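Enquirer: One structure, pasted below without further comment.
The values are calculated or read from the model by the stated rules, or taken from the named source; none is laboratory data. Since the model is a prediction, treat every value here as computed from it, not as a measurement. Backbone-built Cβ (ideal geometry, glycine too); neighbour counts: all protein chains shown.
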Amino acid sequence: MNPNENTFVACGSSKIDASLRVPLLALFGGAAVWLIVGLVLGLIAGIKFHAPEFLSTIPMLTYGRVAPAANDAVLYGFCIPAGLGVMLWVLARLSQMPLVLPMVPVVAANLWNIGVLIGTGGILIGESTGHPWLEYPRAAAVILFAAFLLIAVSAAGTFGWRRERALYPSHWFLFAALLWFPWIYSTASLLLNTVWLPRGVVQPVIGWWFANNLVFVWLALVGIGTAFYFLPKISGKPLAGSGYALFAFLTLVFFGAWCGIPASAPVPAWLPTASAFAALLTIIPILAIAIITIKTVFGSGVSCQGGPFCFIKFGVVCFVLSGLMYVASACPQSSRVLEFTWFGFAQTQLQLLGFFALIIFGAAYEILPKIMGGALPFPKLAKLHFFLTAGGVLLFVIPLAIAGVEQGKALMNPAIAFADANGVTLKFLRISTTGQLLILLGALLFALNIFVMTMKWQLALVKSLIAAVKAPLPEATAQRDQEVKV
Amino acid sequence: MKNGIAIVFAAVVALGASWCGLVLAPTLQLGGAKLTTVLNSPDTYPLQRTGEASLGLQIYRANGCAACHTEQVRQDGIQAELMLTALGNYQPEDFKAFTESLFVQQALEPVTNALAINLKGWNGSLPFVFLTTSDKEIADKINQSINVPGVKSELRIVATGADLARGWGPRRSVAADYLYDQPVQLGRLRAGPDLANIGVRQPDANWQLLHLYAPKAVVPNSTMPSFKYLFAVRKIGAALAPEALKLNAEFAPAAGYEVVPTAAAKELVAYLLSLRANVPLYEAPFTPVTTKP
């Protein structure tokens, strides 16, 4: 825990929180809507595996367009803006500094939403770039990049002018994430999303580098940076060993950034070899993060009961699982079986919806009452949200991972016809669709809490405005008082 | 770390290293890749796509076909195969006796068991693959030993692996296969079969069109959605259009109507038929099949 944070309380946590109210409502509100959009699109994509003809006559809703649109809506629409919102709050709190330029993130949030709208629409009308996780067309990419830079300016300003100079482990993770995204997004967009594409397999290599650095490294930096702030706060114990945390951070950025090239990729052999080696070494930060979390959480005596603590703890467990799955699918021996199967899809969904989304939900439920100066409108629904999402993630991801292994084993045996190898996955896909449905229900509850809270606040604003208009002017009152005296 | 500069430094070094390794280096190494030549042949590879097939790649991209189909074949290794194609005046029994006489050679020890078993099960028909080994030198040696007038044998290099055994291609995919693809559509999931060689496996354009319009009409247990929106259903004019799909009763349109492919469907099929990664290259050698065993 940042030791000085408590001594500075007088300086005004409330002032800091107030400066974040409008930017965070804008970021969280848009994120909640995109999460629902992404999950609905994902559900449509999932249903197509039970009934291939479902909505197949509508070009915009063919599987090949809906599936990437769903993934991107969850990643770009929900994960990144919601993560940035949480990041702004954590940075401001750790810096003991009200947000610098608070209107800039508000503008950026709206810009970001326009970017995601253009991107999602672009994919659905067939303007996807065709590169996984970078499908958004050029116009959307430019808008998203500009919006990110605007938020980064506000975040970096808050960090630069911080009143509390000491740095805390969360700072490293979050600040590195702030640098990470503009670099990888500009590189990938300039090389893959312009008219002059590089030749041949250079395209997928850059695509893999980008996807790994966004979906694995960036989400890990923001998610774990957030968890390392809230876990000690809620459990009331300091973060176990900040030396370990520094070690975890450095190994994560140095090894994690090299992962992503599949073992069988049709490229010069040194590329997949370097990636497989890096993936093996990435076990180190994953285990370090697991150990730090266990040491911080155990023995705190705080029970979570479906609250933010539950969300964040479950999120870290999902991070460790998804990280180990990632390493397993990068290892040459196991990737022979797991590559090109549902296993990889299960891993990314666990990363997005299990790890990142849960930590963000937990953080948002912790932050919202503080910035709004009142309890959540439906605290019980927030608890229900936890059980729906946790159960939904397990039901969604575990069957898919098993389906991937079964499918991979069947595909390894040429005596099994392709259609039969594909057939073994169908019953698992059926269960996973139930999980998707539960996650979607949870997301609706999340959105409900945010929007009712926003509306109540807006209503209060309007009321106070009316009251201010109706109230007699101060000078007039003073004059009247004087007249009475006379 | 006590100050922000240290974080910036760590992040820039970490990401910069991976940027140099996984973005800059591959661009320098492969970005200038040029045509390569087919093994044991003056031909260059790959062929530039026709205009229609290049447009078809954009239909493939726009509809996200890569969400379910890969365009990448993997292999486990390569093996040498010795195939007997002619015996001249000799009888199969002579060949058996001759080959068995070679067994005394120390160098052939690793393969004598396999050879004996193969020869035992041979009914005398030709061509006959009498040895499959991962050791090309031994195969070469035996091939030279049996080189007597009239007897013809062939040493073939065969790539092995589950993908290849499924008939998805004669060799693994290599960088050269994607030289002209803009964008490259490798794919990451096989909810449908691999398409790296679909132009070789299913060269019939009509089959491809039927499959796009009604997958179940040609593959009964297919899970592929239909792409009916790439086709037009219209009233039959003076006569049935020559390009109208020949659908059976279950999938046919109402009486008096015909189904014709739009330009997009034809382009997509032209692209699919252009997917032919079936020539031997230096980095992925194999012996093309001339005489079927």
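Residues checked against (1) without any contact (Cβ under 8 Å) to a residue 24 or more places away in the chain; (2) surrounded by fewer than 23 Cβ atoms within 10 Å (Cβ to Cβ); (3) closer than 30 Å to A:ALA156 by Cβ; (4) away from chain B (no Cβ under 14 Å):
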site	(1), (2), (3), (4)
A:LYS15	no, yes, yes, yes
A:SER19	no, yes, yes, yes
A:ALA26	no, yes, yes, yes
A:GLU53	yes, yes, no, no
A:THR62	yes, no, no, no
A:ALA69	no, no, no, no
A:VAL74	no, no, yes, yes
A:CYS79	no, no, yes, yes
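Enquirer: Restricting to the range B:49-76, what's the tally of residues that are under 19 Å from the mean Cα position of the chain (by Cα), of a type in the set (D, E, K, R) and over 23 Å from A:TRP133 (Cβ atoms)?
Expert: 2
Enquirer: I'd like to check something: does the range B:278-290 contain any residue that is touching a residue at least 12 places away in the same chain (Cβ under 8 Å), farther than 30 Å from B:PRO127 by Cα and of a type in the set (A, V, I, L, M, F, W, C)?
Expert: Looking for residues that are touching a residue at least 12 places away in the same chain (Cβ under 8 Å), farther than 30 Å from B:PRO127 by Cα and of a type in the set (A, V, I, L, M, F, W, C), one finds none in the range B:278-290, hence no.
Enquirer: May I pose another question? Would you mind stating whether A:ARG138 is touching a helix residue (DSSP H, G or I) at 6+ places or on another chain (Cβ under 9 Å), of a type in the set (Lys, Arg) and within 30 Å of A:LEU197 (Cα to Cα)? Steps first, please.
Expert: Working: touching a helix residue (DSSP H, G or I) at 6+ places or on another chain (Cβ under 9 Å): yes; of a type in the set (Lys, Arg): yes; within 30 Å of A:LEU197 (Cα to Cα): yes.
Answer is yes for this residue.
Enquirer: Could you grab me the full set of residues in the range A:227-243 that are within 23 Å of A:CYS304 (Cβ to Cβ) and among the hydroxyl-bearing types (Ser, Thr, Tyr)? Quick ask: steps written out before the conclusion?
Expert: In the first step, residues of the range A:227-243 are kept if they are within 23 Å of A:CYS304 (Cβ to Cβ); the result is A:227-241.
Listed by number, the residues that qualify are A:TYR229, A:SER235.
Enquirer: Applying the selection to the range B:99-116, what residues are of a type outside the set (Gly, Ala, Ser) and surrounded by 11 or more Cβ atoms within 10 Å (Cβ to Cβ)?
Expert: Of all residues in the range B:99-116, those of a type outside the set (Gly, Ala, Ser) come to B:99-100, B:102-106, B:108-113, B:115.
Matches in the range B:99-116: B:THR99, B:GLU100, B:LEU102, B:PHE103, B:GLN105, B:LEU108, B:GLU109, B:PRO110, B:VAL111, B:THR112, B:LEU115.
Enquirer: While we're on this one: Let me confirm something: among A:LEU353, A:LEU338, which residue is hydrophobic (A, V, I, L, M, F, W, C) and more than 30 Å from B:GLU283 (Cα to Cα)?
Expert: Details: A:LEU338 fails: more than 30 Å from B:GLU283 (Cα to Cα).
Going through A:LEU353, A:LEU338 in turn, the sole match is A:LEU353.
Enquirer: Give me a count of the residues in the range A:219-270 that are within 12 Å of chain B (Cβ to nearest Cβ) and among the aromatic types (Phe, Trp, Tyr). First the steps, then the outcome.
Expert: First, the residues of the range A:219-270 that are within 12 Å of chain B (Cβ to nearest Cβ): A:221, A:225, A:242-243, A:245-247, A:249-270.
Going one step further and asking which of them are among the aromatic types (Phe, Trp, Tyr), we end up with A:247, A:249, A:254-255, A:258, A:270.
The qualifying residues number 6.
Enquirer: Considering only residues that are in contact with a Pro (Cβ under 8 Å, 6 or more places away or on another chain) and assigned to a helix (DSSP H, G or I), which ones fall in the range B:27-55?
Expert: B:THR27, B:GLN29, B:LEU30
Enquirer: Looking only at residues in the range A:169-198 that are modelled with pLDDT of 90 or more and not in a helix (DSSP H, G or I), which one is nearest to A:ILE16 (Cα to Cα)? Break it down stepwise before answering.
Expert: First pass over the range A:169-198, keeping only residues modelled with pLDDT of 90 or more: A:169-193, A:198.
If we keep only those that are not in a helix (DSSP H, G or I) too, we end up with A:193, A:198.
Details: A:ASN193: 39, A:PRO198: 47 Å.
Out of the qualifying residues, it is A:ASN193.
Enquirer: Check every one of the helices (runs of 4 or more DSSP H) wholly within the range B:116-204 and list those with 2 or more residues that are more than 23 Å from the chain's Cα centre (by Cα), more than 14 Å from chain A (Cβ to nearest Cβ) and under 30 Å from B:GLN106 (Cβ atoms).
Expert: Values: elements: B:136-145, B:162-165, B:198-201.
The qualifying helices (runs of 4 or more DSSP H) are B:136-145.
Enquirer: If you go through the range A:344-381 one residue at a time, how many are of a type in the set (Gly, Ala, Ser) and more than 13 Å from A:MET453 (Cα to Cα)? Walk me through how you get there before you give the answer.
Expert: Step one: list which residues in the range A:344-381 are of a type in the set (Gly, Ala, Ser), which gives A:344, A:346, A:354, A:357, A:362-364, A:373-375.
From what is left, the residues that are more than 13 Å from A:MET453 (Cα to Cα) are A:344, A:346, A:354, A:357, A:362-363.
Matching residues across the range A:344-381 total 6.
Enquirer: Something else: Answer with yes or no whether B:THR70 is buried (at least 21 other Cβ atoms within 10 Å of the Cβ) and among the β-branched types (Val, Ile, Thr).
Expert: Numbers: buried (at least 21 other Cβ atoms within 10 Å of the Cβ): yes; among the β-branched types (Val, Ile, Thr): yes.
Yes.
Enquirer: Taking helices (runs of 4 or more DSSP H) that fall entirely within the range A:318-432, which contain at least 2 residues that are more than 14 Å from chain B (Cβ to nearest Cβ)?
Expert: Numbers: elements: A:332-338, A:342-349, A:357-372, A:379-412.
Result: A:357-372, A:379-412.
Enquirer: Kindly indicate whether any position in the range B:87-95 is hydrophobic (A, V, I, L, M, F, W, C), within 28 Å of B:GLY150 (Cβ to Cβ), touching a Gly at 6+ places or on another chain (Cβ under 8 Å) and away from every other protein chain (no Cβ under 14 Å).
Expert: So the first thing to find is which residues in the range B:87-95 are hydrophobic (A, V, I, L, M, F, W, C), and the list is B:87, B:95.
Still in the list and also within 28 Å of B:GLY150 (Cβ to Cβ): B:87, B:95.
So of that shortlist, the ones also touching a Gly at 6+ places or on another chain (Cβ under 8 Å) come out as B:87.
Filter once more, so that each one left must be away from every other protein chain (no Cβ under 14 Å): B:87.
Checked the range B:87-95: at least one residue is hydrophobic (A, V, I, L, M, F, W, C), within 28 Å of B:GLY150 (Cβ to Cβ), touching a Gly at 6+ places or on another chain (Cβ under 8 Å) and away from every other protein chain (no Cβ under 14 Å).
Enquirer: Let me ask another. Looking at A:ARG162 and the list (1) over 21 Å from B:ILE5 (Cα atoms); (2) touching a residue at least 12 places away in the same chain (Cβ under 8 Å); (3) over 19 Å from the mean Cα position of the chain (by Cα), which single condition is not satisfied?
Expert: For A:ARG162, the exception is condition (1).
Enquirer: Anything in the range A:419-432 that is crowded, with 19+ Cβ neighbours inside 10 Å and either over 19 Å from A:ALA45 (Cα atoms) or under 22 Å from the mean Cα position of the chain (by Cα) (or both)? List them, or say none.
Expert: A:ALA421, A:SER432
Per-residue answers, yes or no, for (1) under 18 Å from the mean Cα position of the chain (by Cα); (2) in a loop (DSSP other than H, G, I, E, B); (3) at pLDDT 95 or above; (4) more than 30 Å from A:LYS15 (Cβ to Cβ):
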{"residue": "A:PRO98", "(1), (2), (3), (4)": "no, yes, no, no"}
{"residue": "A:ALA108", "(1), (2), (3), (4)": "yes, no, yes, no"}
{"residue": "A:ASN113", "(1), (2), (3), (4)": "yes, no, yes, no"}
{"residue": "A:LEU144", "(1), (2), (3), (4)": "yes, no, yes, yes"}
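Enquirer: Find the residue count for the range A:293-303, including only residues that are in contact (Cβ under 8 Å) with a residue 60 or more places away in the chain and not polar (S, T, N, Q). Write out each step before concluding.
Expert: Initial filter on the range A:293-303 (in contact (Cβ under 8 Å) with a residue 60 or more places away in the chain): A:293, A:296-297, A:299-300, A:302.
Applying the additional criterion that residues be not polar (S, T, N, Q) yields A:297, A:299, A:302.
Of the residues in that region, 3 qualify.
Enquirer: Now, a different point. Only one of A:ALA328, A:ALA290, A:ALA263, A:ALA274 is over 25 Å from A:ILE359 (Cα atoms) and free of Cβ contacts under 8 Å to residues at least 40 places away in the same chain; which? Steps first, answer last, please.
Expert: Details: A:ALA328 fails: over 25 Å from A:ILE359 (Cα atoms); A:ALA290 fails: over 25 Å from A:ILE359 (Cα atoms); A:ALA263 fails: free of Cβ contacts under 8 Å to residues at least 40 places away in the same chain.
Result of the check over A:ALA328, A:ALA290, A:ALA263, A:ALA274: A:ALA274.
Enquirer: Given the criteria surrounded by 21 or more Cβ atoms within 10 Å (Cβ to Cβ) and at pLDDT 95 or above, does B:LEU273 qualify?
Expert: Numbers: surrounded by 21 or more Cβ atoms within 10 Å (Cβ to Cβ): no; at pLDDT 95 or above: yes.
Taking the combined requirement at face value, the residue does not satisfy it.
Enquirer: Would you mind stating whether A:PRO137 is surrounded by fewer than 21 Cβ atoms within 10 Å (Cβ to Cβ) and under 20 Å from B:GLY16 (Cα atoms)? Even if it seems obvious, please write down each step before you answer.
Expert: Details: surrounded by fewer than 21 Cβ atoms within 10 Å (Cβ to Cβ): yes; under 20 Å from B:GLY16 (Cα atoms): no.
It is false that A:PRO137 is surrounded by fewer than 21 Cβ atoms within 10 Å (Cβ to Cβ) and under 20 Å from B:GLY16 (Cα atoms).
Enquirer: Considering only residues that are outside any loop (DSSP other than H, G, I, E, B) and facing chain A (nearest Cβ under 7 Å), which ones fall in the range B:67-85?
Expert: First pass over the range B:67-85, keeping only residues outside any loop (DSSP other than H, G, I, E, B): B:67, B:77-85.
Once the filter is applied, which keeps residues that are outside any loop (DSSP other than H, G, I, E, B) and facing chain A (nearest Cβ under 7 Å), the range B:67-85 yields only B:ALA67.
Enquirer: Is it the case that some residue within the range A:208-217 is aliphatic (A, V, I, L, M), within 25 Å of A:VAL142 (Cβ to Cβ) and crowded, with 24+ Cβ neighbours inside 10 Å? Break it down into steps so the answer makes sense when it comes.
Expert: Here is the first cut: in the range A:208-217, the ones aliphatic (A, V, I, L, M) are A:211, A:214-215, A:217.
Adding the requirement that they be within 25 Å of A:VAL142 (Cβ to Cβ) leaves A:211, A:214-215, A:217.
Cutting the leftovers down to crowded, with 24+ Cβ neighbours inside 10 Å gives us A:217.
Yes, there is a match, as at least one residue in the range A:208-217 is aliphatic (A, V, I, L, M), within 25 Å of A:VAL142 (Cβ to Cβ) and crowded, with 24+ Cβ neighbours inside 10 Å.
Enquirer: Run A:GLY200 past the list (1) more than 14 Å from chain B (Cβ to nearest Cβ); (2) over 26 Å from B:VAL13 (Cβ atoms) and report the number of the one that doesn't hold.
Expert: It is condition (1) that A:GLY200 fails.
Enquirer: Can you tell me how many residues in the range A:183-242 are closer than 23 Å to A:SER275 by Cα and in contact with a Lys or Arg (Cβ under 7 Å, 6 or more places away or on another chain)?
Expert: Looking only at that region, the number is 0.
Enquirer: Right, another one. Looking at the range B:269-292, can you tell me whether even one residue there is β-branched (Val, Ile, Thr) and within 14 Å of another protein chain (Cβ to nearest Cβ)? Working first, answer last.
Expert: The initial filter retains those residues of the range B:269-292 that are β-branched (Val, Ile, Thr), namely B:269, B:279, B:287, B:289-291.
Right, trim to within 14 Å of another protein chain (Cβ to nearest Cβ) and you get none.
No, the range B:269-292 contains no residue that is β-branched (Val, Ile, Thr) and within 14 Å of another protein chain (Cβ to nearest Cβ).
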